[in-house]
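These notes concern the structure reproduced below.
The values are calculated or read from the model by the stated rules, or taken from the named source; none is laboratory data. Since the structure is predicted, the reported quantities are computational estimates derived from the model, not experimental observations. Neighbour counts run over all protein chains shown; Cβ positions are idealised from the backbone, glycine included. Areas reflect the complete protein model, heavy atoms only, side chains present, ligands, DNA and RNA absent. Shrake-Rupley method; radii C 1.70, N 1.55, O 1.52, S 1.80 Å.
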Amino acid sequence: MRLPSCLQSLSSTSSRSVSGWFVVIVFGTLLAGISSESGGQSPAGSLLSRDELTAAANRAGVAAATGDQANRTENAMLAAAIRQRLTDGDMHVGDRVVVTFISDAVHRDTVAVRSGLTLELPGSIVVPVAGVLRSELRDRVSTELLKYVKAQQIVVTPLVRVGVLGAVGRPGYFAFASDLPLTDAIMGAGGPTATADVGRSMVRRRNQEFRSTGETSRAIANGLTLDQFGLDAGDEIVVGQRREFGASTIIAMTGALASILALVVTMNHR
């Protein structure tokens, strides 16, 4: 199965057993069928707006102040991260953005955020992106582009470089479209291995836990995208490993298929 065209592998390692290949093939086949039914499109609102992020920060803040003690720290950290995102925006130096538009012909370029937090489009068109969220990027680019070019069908796809590590077929770092669902990101790294437990996955940021196994499993179950789950450049999705393993390959594959089917059901209902 071909990976989505918006995915660009930056680095990966590969070491797969026969059972691992079987898991990847089955997962890929199921995913291809679902993508065909849904047209391969991400759901509406897959990039969070400023109003949605503000509401999320407020909810997390209330939960941190009034919730049970066990979750107060987690919610306080989440509220702080969202508020920082609202202030700083999503664009960082080195981030890449795919810009496609039609004028005299179809133009498609991948541009990087430069020092000073600007994008430079072909024709020396400079777009300031300081404080801009991913959901606001298309409007910002369109406003500047239309000053100089009679463009139609402007499509702006911000990429985010994240690691997909742990119990996956091809762990490594990838540049994914920000509106890619977490389930698709796991598939982009080869899918769960024969010993994976997707329900024990988590997200790391700067070598520390950023989103817990509970939060991550709920995000996967709800079909959230990388942007909706608040992932930023350098974050790592770590797919969990089963605590105990069966004596035979068949038993191991059964557990992996259970993880795969859980992802497939999630993707079919998003």
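Tell me the net charge near Val160. Cut-off is 14 Å between Cβ atoms, Val160 excluded, with +1 for each Lys or Arg and -1 for each Asp or Glu.
Every neighbour counted, the sum reads -3.
Could you calculate the FRET efficiency of Gln153 with Thr110 from 1/(1 + (r/R0)^6), where r is the beta carbon distance between them and R0 is 22 Å, rounded to 0.05?
Rounded to the nearest 0.05, the efficiency is 0.80.
What figure in square angstrom, to the nearest 10, would you give for the accessible area of Ser124 with a 1.4 Å probe?
Estimated to the nearest 10 Å², Ser124 gives 80 Å².
Could you compute how much accessible surface Asp109 exposes when probed at 1.4 Å, giving the result in Å² to the nearest 10?
50 Å²
Ignoring everything but the protein chains, give the 1.4 Å probe accessible area of Val111 in square angstrom, nearest 10.
20 Å²
Under the 0.36 nm per residue contour assumption, what length would be gained going from the current alpha-carbon distance of Gln208 and Arg50 to full extension?
Going from the current span to full extension adds 54.2 nm.
Between beta-carbons, use under 13 Å as the cut-off and find the net charge around Ser201, counting Lys and Arg +1, Asp and Glu -1.
0
Work out the FRET efficiency for Ala258 and Ser103 from their Cβ-Cβ distance, taking R0 = 45 Å, and round it to the nearest 0.05. Don't skip to the answer; put the middle values down first.
On the way: r = 50 Å, r/R0 = 1.11.
Computed FRET efficiency for Ala258 and Ser103 comes out at 0.35.
Given a 1.4 Å probe and heavy atoms of the protein chains only, how would you sort Asp51, Asp235, largest accessible area at the top?
Asp51, Asp235
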